[in-house]
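Notes to accompany the following structure.
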Amino acid sequence: MQRYAINILLCVAAVVLIVLAQTETLDKYVLNIIMLIGINCIFAVSLNLVNGYMGEFSCGHGGFMCVGAYVGSLLSVAFFTDSKLFGAALFAPELAPFLFPLVLFGAMLAAALAGLIVALPSFHTRDDYLAIITIAANYIIISIIENIDAIGGSRGFSGMKKTVNAMSDLIDLPWMLIWTLIGVFVCVVVIRRLMTSTYGKGVSAVCQNEVAAEMMGVNTNHVKIMAFMVSSGLGGLAGVLYAHVYGYVNAQSFNLLKSTEGLVMVYLGGMGSITGVLMAAVAFTLLVELLRFIIPGLNTVFHDLNLLPASYQLDQIWTWVIIPLTLILLMQFRPEGFLGNRELTHVFPRLKRWITLK
Amino acid sequence: MPLLEISGLTQRFGGLQALTDFSFQLEEHQLVGLIGPNGAGKTTVFNIVSGFYKPTEGNIVFDGRRINGLKPHQITALGIARTFQNIRLWNAMTVLDNIRLARTPQLGYNFLDTILRTARYRQAEKAIENRAREVLEMMKLSDIAEEFPKNLPYGLQRRVELARALAGKPRLLLLDEPAAGLNSSDADDLIRFIRWIHDEFKLSIWMIEHQMKVVMSLCQHLTVIDFGCVIASGEPEEVRNNPDVIKAYLGDDTL
């Protein structure tokens, strides 16, 4: 029993969250933040496979999230809603809660295929050159989507709320919270299982000495394709969840800034540490949200103390001064991030007695 | 039939002719050496055999199968393992994981098995783990299974690299300067060790080595190359007294 303590605790926490959301004890805003945290967890943990474990510098993860978001949204609208684009719904809306995994899966598959744009060049280039390719991939994806007028072009695409409503109409539950929690669970389990297997350790081998990896029998091209596709596929999962939580997607929400957020979370948490990156994703998302309240507060305090000229107001732009600044400070004083390449169970070995991982 | 047969191997890098018409045969369970002055092209030969370079011309046949043009991991899977002149271990992985990874060609499960933790996955991982522990035991490395290679002394790192090469049950082992950086007494240990590996694992060994003591006491046959050309081959004693070899190593006395 003791060995399952943390597992049970996490399950209980998830159930409590769902109950709180169901009874509307949590207001909509808080609930949205919680789901955003979950999405950022998936986004960062999946990026960590390439940037942390494989040691490549992928700066275009937002692009894969974008593919997942759009493909997922299109599938969802086509499957469960009557729309101008696709005509009548393909399935009865009552099937939405059961067939939604198909949407998630389709989005992941599409994003994983998009990952090939980066995976194939990675056979011949690496480091800075590959980083530039990933940026290019991010731009390509966004430009393509922005220029397809049928799916809204630069105006964005919406209609996914109907799917979510269809789910709630059948069984009244906070469905998107549930799917987000499942998504986080799946993402963490997939990456963890991969990286503890001999098969997945090939990814670390490519990072630590690629020549030795190839010479010792690791098919490095296969490993790279696998790592990029798993990473971008799970990035797509973050995208499709995002699209359904907000009910609206716009290609520009997945531009280089989004990819940078992913990088910040990975480097904040520690490259090659799942628990570190999870912690970073939570901390980062909360920080961004808290700054919404802290900055106006600071504004008032500074004006009361006459530290700022009356004509100047501190506004939200300062969020993107403060966050990069914390990153600079972190890189200066703790360049390996929260946990480096270790997990929480390595830092606190006693934790192992309370948790069972398979 | 020889285990390894190389014929007419030539390697050009742009204008540089690194290897010219190199031919060589190796029988099952032989222990032979490849020597020559610095820059003669010895490591180039190994790099071609293990698939790292594609030869410009020539043929390599291993166990009756033509292997030039294959990828390094495919050649390793066929049974040729090697060590490196400058140690190439995966430093942020434990010694045990280093050894386990050398079993990748014999993995026996796929991506889905990994994610779903199927019975096939569990069996295969158990077999890999057992084999890795067995190799560590044989190589007297069990105590350091959980250490990271970067924290180990140089001599142990060399032994870990050897263990990693042996974990895949190769039929031919290529050793690139195993005695590099070892002092005289360490070299004596290494000689005994290589001889033991040769008998214990029942494999063929082809080694590049500079320390004459190691080469002379281990190898049954020597090939000498200089500037990419074979200048002598035969029994160690006869090679040692070959005037061309002496000239290659010590220079011409007309100088």
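Among B:Arg133, B:Arg66, A:Arg193, which comes first, then next, by fewest other beta-carbon atoms within 10 Å?
Values: B:Arg133 16, B:Arg66 11, A:Arg193 19.
Exposure proxy ranking, most exposed first: B:Arg66, B:Arg133, A:Arg193.
Rounded to the nearest 0.05, what FRET efficiency do B:Arg12 and B:Lys202 have when you use their Cβ-Cβ distance and R0 = 45 Å? Intermediate results must be reported in sequence, preceding the final value.
On the way: r = 37 Å, r/R0 = 0.82.
Once the sixth-power term is evaluated, E becomes 0.75.
Considering chain A as a Gaussian network with a 10 Å cut-off on Cα pairs, which listed residue, A:Gly270, A:Gly235, A:Gly55, attains the greatest mean-square fluctuation?
A:Gly55
Would you grab the residues whose amide H sits under 5 Å from the one on B:Arg82? Only those 5+ places off in sequence or on another chain, please, with H modelled 1.01 Å from N.
Counting only residues 5 or more places away or on other chains, the set is B:Leu174.
Using a Förster radius of 30 Å, what is the FRET efficiency between B:Arg240 and A:His222 based on their Cβ-Cβ separation? Nearest 0.05, please. Could you put the intermediate results ahead of the total?
Numbers: r = 46 Å, r/R0 = 1.54.
My answer for the efficiency is 0.05.
What's the average, rounded to a whole number, of partner chain beta-carbon atoms within 10 Å of each residue's beta-carbon in B:70-76?
Values: counts 0, 4, 9, 12, 2, 3, 6.
Mean number of neighbouring Cβ atoms from other chains: 5.
Take the cross-link list B:Lys71/B:Lys202; B:Lys169/B:Lys202; A:Lys28/A:Lys161; A:Lys358/B:Lys126; A:Lys201/B:Lys71 and give me the ones stretching past 18 Å between alpha-carbons. Write out the running numbers ahead of the final one.
Working: B:Lys71/B:Lys202 25 Å; B:Lys169/B:Lys202 10 Å; A:Lys28/A:Lys161 15 Å; A:Lys358/B:Lys126 14 Å; A:Lys201/B:Lys71 20 Å.
Over 18 Å apart, Cα to Cα: B:Lys71/B:Lys202; A:Lys201/B:Lys71.
What distance in nm separates the simple spin-label points at A:Ala136 and A:Met1, each placed 7 Å from Cα in the Cβ direction?
So the label points at A:Ala136 and A:Met1 sit 6.1 nm apart.
Say each of B:Glu27 and B:Thr56 gets a label point 7 Å from the Cα, pointing the same way as Cα to Cβ; how far apart are those two points in nm?
3.4
Taking only DSSP H segments of four or more residues, each worth -39500 (n - 2.57), what value at 222 nm results for chain A once the sum is divided by all its residues, to the nearest 500 deg cm²/dmol? Numbers along the way, then the final one.
Working: 15 runs with 243 residues, N = 358.
One gets -22500 deg cm²/dmol as the mean residue ellipticity at 222 nm.
Rank by packing, highest mean first: peptides B:140-153, A:306-319, A:87-100, with packing defined as the count of other Cβ atoms within 10 Å averaged across residues. Numbers along the way, then the final one.
On the way: B:140-153: 14.4, A:306-319: 10.8, A:87-100: 16.0.
Going by the mean number of other Cβ atoms within 10 Å, highest first, we get A:87-100, B:140-153, A:306-319.
I want the antiparallel fraction of DSSP beta bridges within the protein assembly as shown, as a percent rounded to 5.
On the way: 22 of 38 bridges.
In the protein assembly as shown, DSSP labels about 60 percent of beta bridges as antiparallel.
With only Lys, Arg, Asp and Glu charged, each at its Cβ (+1 for the first two, -1 for the last two), find how big the charge dipole of segment A:29-354 is about the Cα centre; round to the nearest 20 debye.
Numbers: 16 positive and 17 negative charges, 140 e Å.
In total the dipole reaches around 680 debye.
Kindly express, to the nearest 10 degrees and within the range 0 to 90, the angle between helix B:154-167's C-alpha long axis and the longest C-alpha principal axis of chain B.
Roughly 70 degrees between the two axes.
Roughly speaking, what is the centre-to-centre gap between segment A:38-53 and segment B:16-51 when only Cα atoms are used, to the nearest Å?
Each part's Cα centre sits 45 Å from the other's.
For the residues A:Trp320, B:Trp90, what sequence is obtained by ranking on other C-beta atoms within 10 Å, fewest first?
Values: A:Trp320 13, B:Trp90 24.
Fewest to most other Cβ atoms nearby, the residues stand as A:Trp320, B:Trp90.
What ³J(HN,Hα) values, in whole Hz, does the Karplus curve 6.51 cos²θ - 1.76 cosθ + 1.60 give for segment A:77-93 when θ = phi - 60°, with x put for Gly and Pro?
5, 5, 6, 10, 10, 7, 9, 5, 5, 10, x, 5, 5, 6, 10, 5, x
With axes computed from alpha carbons, what is the tilt in degrees of helix B:184-200 against the longest principal axis of chain B, rounded to the nearest 10 within 0 to 90?
Tilt relative to chain B: about 70 degrees.
Answer rounded, prolate or oblate for chain A, using the Cα gyration tensor with square roots of eigenvalues a ≥ b ≥ c: rounded when a/c is under 1.5, else prolate when a/b is larger than b/c, else oblate. Mind showing how you got there, number by number?
Working: a/c = 1.24, a/b = 1.06, b/c = 1.17.
Taking the square roots of the gyration eigenvalues as a ≥ b ≥ c, chain A is rounded.
Run the simple label-point estimate for A:Leu307 and A:Ala283 please: 7 Å along Cα→C-beta, distance reported in nm.
Result: 2.3 nm between the two label points.
Using amide H atoms built in the peptide plane, which far-off residues or other-chain residues are under 5 Å from B:Ile205 H to H?
B:Gln30, B:Leu31, B:Val32, B:Leu173
Once both axes come from the Cα atoms, what is the angle between helix B:119-138 and the longest principal axis of chain B, in degrees from 0 to 90, rounded to 10?
Helix B:119-138 and the main axis of chain B meet at about 50 degrees.
Within 10 Å of each Cβ of B:105-113, how many other protein chain Cβ atoms are there on average? Walk me through the numbers before you get to the answer.
Values: counts 4, 1, 7, 0, 3, 2, 9, 0, 3.
Shielding by partners across B:105-113 averages 3.
What's the average, rounded to a whole number, of partner chain beta-carbon atoms within 10 Å of each residue's beta-carbon in B:84-92?
4
Spelling out what I want: for every residue of segment A:135-142, take phi, set θ = phi - 60°, compute 6.51 cos²θ - 1.76 cosθ + 1.60 (Karplus), and round to whole Hz; glycine and proline get x.
3J(HN,Hα) across segment A:135-142, in whole Hz: 4, 4, 4, 4, 5, 4, 4, 5.
Could you list B:Arg159, B:Arg103 in order of exposure, starting from the residue whose Cβ has the fewest other Cβ atoms within 10 Å? Intermediate results must be reported in sequence, preceding the final value.
Numbers: B:Arg159 21, B:Arg103 24.
The fewest-first ordering by Cβ neighbours comes to B:Arg159, B:Arg103.
Within 10 Å, count the other beta carbons around each residue, average over each peptide in A:67-75, B:238-246, A:157-165, and list them highest first. Could the numbers behind the result be given before it?
Working: A:67-75: 28.2, B:238-246: 14.6, A:157-165: 20.7.
The most tightly packed comes first, giving A:67-75, A:157-165, B:238-246.
Treating the beta-carbon of each Lys and Arg as +1 and of each Asp and Glu as -1, no other charges, what is the dipole magnitude of chain B about its Cα centre, to the nearest 20 debye?
Numbers: 29 positive and 31 negative charges, 250 e Å.
Roughly 1200 debye, rounded to the nearest 20.
Taking θ = phi - 60°, what integer Hz values does the Karplus form 6.51 cos²θ - 1.76 cosθ + 1.60 yield along segment A:246-254, in sequence order, with x for Gly and Pro?
The phi angles translate into 8, x, 7, 10, 9, 3, 5, 6, 10 Hz.
Roughly how far apart, in whole Å, are the Cα centres of segment B:164-183 and segment B:58-120?
Result: 15 Å between the Cα centres.
With r as the distance between the Cβ atoms of B:His210 and A:Arg353 and R0 = 51 Å, compute the FRET efficiency 1/(1 + (r/R0)^6) and round to 0.05. Write out the running numbers ahead of the final one.
On the way: r = 52 Å, r/R0 = 1.02.
With a Förster radius of 51 Å, E is 0.45.
Here, each number is a calculation from the coordinates, and none is a lab measurement. Everything numeric here is computed off the predicted structure, so don't read it as measured data. Heads up, the Cβs are rebuilt from the backbone with ideal geometry, glycines too, and the neighbour counts pull from every protein chain shown.
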